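Undergrad: One structure coming up, written as structure tokens, with questions to follow.
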Amino acid sequence: MDVGSSCKRQTVFKYRMQDLQDLDNETCWLVKELKSYIAQEADFLPRETGLNIMESAAENHNGVSAKCRNAKVEDLWSLASFFGFSTQTFVLAVNLLDRFLAIMKVQPKHVPCIGVSCLHIAAKMVEDECNISPTHELIRISQSKFTVSDLSRMEKIISEKLNLELKAITALTFLHLYHAVIVSLTSERGEIPSIERLEAQLKACLCQLIFSKAKPSVLALSVITQEFDALQSLAMLEIVQELQRHLKIVDSELLYWRGLVAKCMTEYSSSECNKPDNKKLVWIVSRRTAQNLHANHFSVPELPTIPEGSWDESESEDSCEDMSCEEDSLCGSPGSDAEGAFFPSEFCNQGRK
């Protein structure tokens, strides 16, 4: 490394994290928050046994497969974008969905109702009341065949099965804290990617079930590390290493998830992958279609009784029924808020196929 590069790194890196006393009050508070959340994050992780069952479920069996789950997460991204919900609402909805699917035996026909219910619960926990659309509008736009009473019933089931007294600690929680710490530790903020760009990359990762197995603190740091590595920012990577050391995140764990994040971003840049549009999802329908949607909304029968059996910890993929996903996806792309400014330029040069 040349002398000029070394001097620049010393200038950019304002503080060392050898001791909390060396940090200013704001940074010290942020680091303490990170440690506090790391101690609690395991309470909000989906049960790995259930995730493994979804991963092993074949498409033509009776269980919720990874492909089925991923398609519904993309639907939630589209819906969240359509209604103008925040990233926090979307990420919380995915967390609720994964935690519920990981402990309950669910039939594919119930997944649309579960997904919309999770989004509605998350919106009520995060959004201002004036920004939450009426329930029947959420159902109509999602083009799902269940009623308001079905949604209400499903929300009650989800609330009973999950601890909703406290807002979940997610990868987005850590992403925002990491970003704030990095900003406080650097003098040249032009090298730091915007939080919106990092959020968009995190959302792309959450569309794949595998990332539900990652600790939120590690996944968020992996997204940031991968981004700094792509930008070849040695000074920023040094700060990440300081954070990793201070929070006692194991090298091998970070390396593993960083590799998967990089793979996800590469796949996302492929021309074979559907990209989010640069505008919010907009529905343009004919009068006849609108009338049919309106009529169907009020004529669909209620869902059959929803079984509430939960996964047994001792169950293996051989003893569980496989499921097939026959539900149509709301939209071919996972949302609309990953604009060019949010993703590396090579992600945006590929046209939609």
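Any read-out appearing in this document is the output of simple, stated calculations on the displayed coordinates, not a laboratory observation. The model shown is predicted, which means the values in this text are computed figures rather than measured ones. We place every Cβ from the backbone using ideal geometry, glycine too, and count neighbours over all the protein chains shown.
Undergrad: Applying a 10 Å radius around every beta-carbon, put 142-154, 208-220 in order of their mean neighbour count, most first.
TA: Details: 142-154: 18.1, 208-220: 21.4.
Result, highest mean first: 208-220, 142-154.
Undergrad: Then there's this: Taking 0.36 nm per residue of separation and subtracting the Cα-Cα distance, what length does fully extending V148 through N52 add?
TA: Values: separation 96, 0.36 × 96 = 34.56 nm, distance 3.20 nm.
Computed gain between V148 and N52 is 31.4 nm.
Undergrad: Quick query: amide H of M104 versus all other amide H atoms, modeled in the peptide plane; which residues come in under 5 Å with a sequence gap of 5 or more or a different chain?
TA: Excluding prolines and chain starts, which carry no amide H, the hits are W311.
Undergrad: Next question, about the same structure. Students often get this wrong, so check it: of K109/K203; K35/K213; K32/K263, which have C-alpha atoms separated by over 29 Å?
TA: Numbers: K109/K203 25 Å; K35/K213 20 Å; K32/K263 32 Å.
Over 29 Å apart, Cα to Cα: K32/K263.
Undergrad: A further question on this structure: Taking 7 Å along the Cα-to-C-beta vector as the label spot, tell me the W29-K248 distance in nanometres, rounded to one decimal.
TA: Result: 2.5 nm between the two label points.
Undergrad: Could you size up the charge dipole of the range 205-269 around its Cα centre, putting +1 on the beta carbon of Lys and Arg and -1 on that of Asp and Glu, and report it in debye to the nearest 20?
TA: Approximately 260 debye in magnitude.
Undergrad: Give or take rounding to whole Å, what are the principal axis extents of the alpha carbon atoms in the range 209-260, in descending order?
TA: Dimensions of the range 209-260 along the principal axes of its Cα atoms: 31, 23, 15 Å.
Undergrad: Please work out whether the range 87-166 counts as rounded, prolate or oblate from its C-alpha gyration tensor, where a ≥ b ≥ c are the square roots of the eigenvalues and a/c under 1.5 means rounded, while otherwise a/b larger than b/c means prolate and anything else oblate? Display every interim value, and only then the final one.
TA: Working: a/c = 1.67, a/b = 1.08, b/c = 1.55.
The shape class here is oblate.
Undergrad: Find how many whole Å separate the alpha carbon centroid of the range 197-244 from the alpha carbon centroid of the range 50-112.
TA: Result: 22 Å between the Cα centres.
Undergrad: Going 7 Å from the Cα of L231 along its beta-carbon direction, which residues of the range 151-193 have the amide nitrogen within less than 20 Å of the resulting point?
TA: The answer is 172-193.
Undergrad: Hey, another quick one. Would you mind classifying the range 187-234 by shape? Square roots of the alpha carbon gyration tensor eigenvalues, ordered a ≥ b ≥ c; an a/c under 1.5 is rounded, otherwise it is prolate if a/b is larger than b/c and oblate if not.
TA: Numbers: a/c = 2.49, a/b = 2.00, b/c = 1.25.
Cα axes put the range 187-234 in the prolate bin.
Undergrad: In nm, to one decimal, how far is the modelled label at K124 from the one at Q208, with both set 7 Å along Cα→Cβ?
TA: Output for this residue pair reads 3.4 nm.
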